[in-house]
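See structure below.
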Amino acid sequence: MKKYLALLLAAIMALSLAACASTAKTDAAASASGKLTMATEATFQPYEYYDGDAIVGIDVEVAQAIADKLGMELEVTDIAFDSIIPGVQTGKYDMGMAGMTVNEERLEQVNFSDSYSTGIQVVIVKEGGKVQSLDDMGADGVVIGTQSGTTGFTYASSDFGDEKVKAFTKTTDAVAALINGQVDCVMLDNEPAKALVAANADAGLSILDTAYTVEDYAIAINKDNNDLLTKVNAALAELKADGTLQGIIDKYIK
Ligand code: ARG
């Protein structure tokens, strides 16, 4: 008897899940003329960066694929990284997508979609500079560059002390400061670090690997917008299952 009950319950659950899925589709179709607004910070190649006037990259393409599935028009806005979560919280933007790491602090402020990619913190150093190894970072007088509001900023401040860390609005400005000697190293995510080193090929920059853990990147959505969260996760699941997501990542990360 118990067994039948369990089977029955499973059947009911499957049916109601199917019902949810089909409602989501209908809603998406109904909002065919709707806009999906996304806030990002576009100095984060290969996730988001400028190609001429256009913002391109993994996040933009994944967001476009999600918008297509929802029958919505994607609108991408480039703002300061530390303004993205507040912008999602106030409802100015539907979502924040910026190679953004899921962490406890942010989970108190916004919801996150399922993860679509990962990153790890590394350190860019300059040939002949004060920092040549991770051990050097603790030395007196060392200044660590980071991007404001990032996990790199949080790690650098908690591991080496606030007073040693300088925050920049753009990752490109942090790296420019390393090149001109204002900071001695820059802590940020591995793929953008590689892109910045490649973009400044004559500057004698290189990357130190750290022992920080792998971070999950996900899309930030307002805590009150469960409808969008459900739809985005459903779209992401499809994009994962049919290989679209991996295809986009492989296009940008060799
Ligand atoms: N993953 C890091 C974080 O979430 C850095 C993200 C910076 N993203 C950007 N588009 N600038 O804090």
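What the table shows:
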| read-out | value |
| --- | --- |
| Extreme residue, positive dipole direction of the chain, given options Gly152, Ser133, Gly204 (C-beta unit charges) | Gly152 |
| Rough spin-label spacing in nm, given labels placed 7 Å along Cα→Cβ, for Asp242 and Ser133 | 5.1 |
| Sum of side-chain charges, Ala201 neighbourhood, beta-carbon under 15 Å (Lys, Arg +1; Asp, Glu -1) | 0 |
| Most positive-pole-ward Cα, Ala174, Thr90, Val142, against dipole of the chain from beta carbon charges | Thr90 |
| Helix-only CD estimate at 222 nm, as mean residue ellipticity for the chain, using -39500 (n - 2.57) per DSSP H run (n ≥ 4) | -13500 deg cm²/dmol |
| Given charges at beta-carbon only (K, R positive; D, E negative), |dipole| of the chain in Debye | 860 |
| Kirkwood-based Rg to Rh ratio, the chain, C-alpha trace | 1.06 |
| Lys223-Asp202 FRET efficiency (beta carbon distance; Förster radius 41 Å; 0.05 resolution) | 0.35 |
| Sequence-distant aspartates and glutamates (8 or more away, or on other chains) whose Cα lies within less than 14 Å of Lys35 | Asp27, Asp68, Glu73, Glu75, Asp94 |
| Fraction of alpha-carbon pairs over 24 Å apart in region 42-181 - percent | 37 |
| When region 170-251 is reduced to its Cα atoms, the Kirkwood hydrodynamic radius in Å | 15.9 |
| Selected from Ser148, Ser206, Ser133 as most flexible by GNM, with the chain as the system and alpha-carbon contacts under 10 Å | Ser133 |
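Only the coordinates and a few stated rules stand behind these numbers; no lab work does. Remember, predicted model here, so these are calculated numbers, not experimental data. Virtual Cβ from ideal backbone geometry, glycine too; neighbours counted across all protein chains shown.
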